[in-house]
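Colleague: Submitted below is the structure of interest, expressed as structure tokens.
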Amino acid sequence: MTILSRLFGNAESKALHLTDPDALGLFGAIPTATGIHVSGSSALRVPAVACAAALISETIGAMPAKVHLSETKEAVKDQPAYRLVHDEANEWTSAGQLREDLTIDALLTDNGYAHVVRLDDGTPVELHRLDPATVQTDYEPDGEPFYIVQTTQGPRRYSYRDILHIQPFGGLSPIKLGREAIALSLAFEQHVASLFANGARPSGIIKSEKALDVEAKKKIAGSWFSTHSGRNTGGTAILDEGMTYDQLSMTLADAQFAENRLEQIREIARVFRVPPTMLFELTRGTWSNTEEMARQFHAITLKPWLVSWAWAYARVLFTPEERAAFYIEFVTDDLLTTNSAARAAAYGQYRSMGAMTANEVRGGLNLAPRPDGNNLANPYTTSGAPDPAIQDQTA
């Protein structure tokens, strides 16, 4: 649906007027209860948001993708799409870097786009990232999407087969879905910064037995700050004329304020569906649940993104016939491996049960194959005796 159709309505949708609060979202000015405007750039100033966005996008970018045959599950390196998803999107951008860029675009702006460059016969040869601000998605009456891209030569229309399109959950970025939580976190940061910048919270109170005029108070305050602030903080104070100093300790409200800041980190973790321990919020983290949360990060956070990426690739890089013969899969072994001992034990079990050959194990360890490594026989029980079934056949 276009912006104009949302603003002025059409036969199938309700008109959205400029006085409607929802219209503010079309111009990137979504109000919050705190009055703080939340955008992609301002949200990244919150460390928890920056950590979550980087964690998701960089992990997806670093995860290898391969093209496999549907029947044999073997990698097909001579398929044109293999180079684009595994090696390089174009001469100046790696395949992983493009995935990282489009994922961060989707996390911050709702959409990540790339244009597919093809040869005359339709073979895809390059993928070029598009600025999300220059792309508009629209739909045919039957629901088929198409894209209008603003170029230096003016707007140009592209089929859905020529635009790689990535979206987050619901088509809305976590920045928009969690704008209230992010705005509250920004408000906490601004409040704390103002306290420390201006010294708004006094560390103590000076009391005098006799009344002081304004000028006397200014002189005492100036003398105190010059001798007990900055590098002189913590020095011994000498007070005259019966003055006393009462130190202020942390109140229950201060402790609650600190807990609220931690809760905002957890709230942002919920918005991005990232385990809190992966945002370095370790108050409830233990060795066992941190390891379990790493697996949850794959199952809950990354898997929906990887499924979306695999389909987005297949939609633009394969013809309908090729989609029946090939599929794209991400290699998640490194992410799911907890430690070297567990990995060795798993490979040993797969090898002994005949599920993997020695070369498949070596491939998982990034080692070169061996000429005798394609045998599925169990190396722990196989002897030099011939197979009884073979003896019966030759008898």
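The values are calculated or read from the model by the stated rules, or taken from the named source; none is laboratory data. Owing to the predicted nature of the structure, the values given are computational and were not obtained by experimental measurement. Reconstructed Cβ throughout: ideal geometry from the backbone, glycine too, with neighbour counts over all protein chains shown.
Colleague: Which one is nearest to E88 (Cα to Cα) among residues in region 40-63 that are of a type in the set (V, I, T) and within 12 Å of the chain's Cα centre (by Cα)?
Modeller: The residue in question is I60.
Colleague: Taking the stated definitions as given, is S42 hydroxyl-bearing (S, T, Y), modelled with pLDDT of 90 or more and either more than 30 Å from R161 (Cβ to Cβ) or not in a strand (DSSP E or B) (or both)?
Modeller: Considered against the rule, which asks whether it is hydroxyl-bearing (S, T, Y), modelled with pLDDT of 90 or more and either more than 30 Å from R161 (Cβ to Cβ) or not in a strand (DSSP E or B) (or both), S42 comes out as no.
Colleague: Scan region 134-162 and report the pairs whose first residue is without any contact (Cβ under 8 Å) to a residue 24 or more places away in the chain and whose second residue is part of a loop (DSSP other than H, G, I, E, B), with Cβ atoms within less than 8 Å and a gap of 6+ or a chain change.
Modeller: F146/E140
Colleague: Does region 93-116 hold any residues that are closer than 13 Å to L127 by Cβ and in contact (Cβ under 8 Å) with a residue 60 or more places away in the chain, and which are they?
Modeller: R99, L102, V116
Colleague: V135 - would you say it is out of contact with any Leu (no Cβ under 7 Å at 6 or more places or on another chain), buried (at least 18 other Cβ atoms within 10 Å of the Cβ) and within 24 Å of T301 (Cα to Cα)?
Modeller: Spelling it out, it is not the case that V135 is out of contact with any Leu (no Cβ under 7 Å at 6 or more places or on another chain), buried (at least 18 other Cβ atoms within 10 Å of the Cβ) and within 24 Å of T301 (Cα to Cα).
Colleague: What is the one condition in (1) modelled with pLDDT of 85 or more; (2) aliphatic (A, V, I, L, M); (3) surrounded by 13 or more Cβ atoms within 10 Å (Cβ to Cβ) that V307 does not satisfy?
Modeller: For V307, the exception is condition (3).
One line per residue, one yes/no per condition, for (1) in contact with a strand residue (DSSP E or B) (Cβ under 7 Å, 6 or more places away or on another chain); (2) part of a loop (DSSP other than H, G, I, E, B):
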position: T59; (1), (2): no, no
position: K73; (1), (2): no, yes
position: Y82; (1), (2): yes, no
position: G96; (1), (2): no, no
position: D101; (1), (2): yes, no
position: H115; (1), (2): yes, no
position: T137; (1), (2): yes, no
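Colleague: Could you say which residue among A368, A346 is in a helix (DSSP H, G or I) and at pLDDT below 85? Steps first, answer last, please.
Modeller: Details: A368 fails: in a helix (DSSP H, G or I).
Answer to the selection: A346.
Colleague: On the given criteria, is A312 modelled with pLDDT of 90 or more and closer than 21 Å to P174 by Cβ?
Modeller: In short, yes.
Colleague: Moving to a separate point now. Is it the case that region 160-171 has a residue that's at pLDDT below 70, under 32 Å from the mean Cα position of the chain (by Cα) and either within 30 Å of H37 (Cβ to Cβ) or crowded, with 16+ Cβ neighbours inside 10 Å (or both)?
Modeller: No, the conditions are met nowhere in region 160-171.
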